[in-house]
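Here the structure comes first, spelled out in structure tokens, and everything after it is commentary.
The values are calculated or read from the model by the stated rules, or taken from the named source; none is laboratory data. Computed from a predicted model, the values in this text were never measured in an experiment. Counting neighbours? That spans all protein chains shown, and the Cβs are built from the backbone with ideal geometry, glycine included. Please note that ligands, DNA and RNA were not included when accessible areas were found on the heavy atoms of the full protein model with its side chains. Shrake-Rupley method; radii C 1.70, N 1.55, O 1.52, S 1.80 Å.
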Amino acid sequence: MPTPPVSVLIADDDPLVRTGLRALLAARPDVDPVAEAAGGDQVLPLVRRHRPDVVLMDVRMPGMDGIEATKSLRAALEEPPKVLVITTFENDEYVYRSLRAGAAGFILKRSDIDQIARAILTVAAGDGLLFPEAIRTLAAEHAPPPGNAHGPIALTKREADVLRRIAEGLSNQAIADRLYLSQETVKTHVRSVLTKLGAANRTEAVIIAYESGFVRPRNDPRP
């Protein structure tokens, strides 16, 4: 049987952006835009009604912004949809705060529709980081000093190895190949890492890893 398309809720306060994205995504066989939200306060009710796989979330909206809307999904739903932030500025503190609130990744508004669709599919799959280098840059620039925002990370040696590979942006299969493990074993370790860190997804786990000092920026001079 063919794989069903990934269902998407588009949340943006600009009606032209919503209409354009919906029309372009609807022309694809792998993505199904099921609803639109004009503000963050509309996201949770529409998610309850339509049960999308992914919310394409503008980060800056009047009233409830994308950060608070992301938090509301995580607080209210046992299995919230993945959130993909769509933004104008990749180095924005709002983007960092959205990722820290549980968004699974971000994409720039200037991206073409194929790039946006691929980002939606990547986030929906949940296997690997979207733009890992950009996420590392955001974490290095916006995270508080190591140890200030998160306590020590208590992982087994194998879990720690897996988290470091997640921070590199490796998929489960790539981690399995690197560590000579089965993919199922890697999936088990990933689930355990996310649970122990209280992270919604791999992206938030990487953010926490930087905040704690478990992973350090490449230009960090400390031993």
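Distance between the modelled labels on residue 24 and residue 157, one decimal in nanometres: 4.9 nm (7 Å Cα→Cβ projection). Across segment 100-145, counting alpha-carbon atoms alone, Rg and Dmax equal 11.7, 37 Å. Using 22 Å as the Cα-Cα cut-off, could you pick out the over-long pairs in 71/157; 71/187; 82/109? Exceeds cut-off: 71/157; 71/187.
Given a cut-off of 22 Å, what percent of all Cα-Cα pairs of the chain lie beyond it? So the pairs more than 22 Å apart make up 50 percent of the total in the chain. Mean silhouette area of segment 38-84, derived from the convex hull of its C-alpha atoms and averaged over all directions, reads 2.8 nm². Entry comment: accessible area of the chain is 49 Å² per residue, from protein heavy atoms only and a probe of 1.4 Å.
In terms of overall dimensions, the C-alpha atoms belonging to segment 1-121 reach 38, 32, 23 Å along their principal axes, ordered largest to smallest.
The packing ranking of peptides 105-113, 55-63, highest mean first, is 55-63, 105-113, where packing means the average number of other beta carbon atoms within 10 angstrom of each residue. Overall, the accessible surface of the chain at a probe of 1.4 angstrom is composed of carbon and sulfur to the extent of 52 percent.
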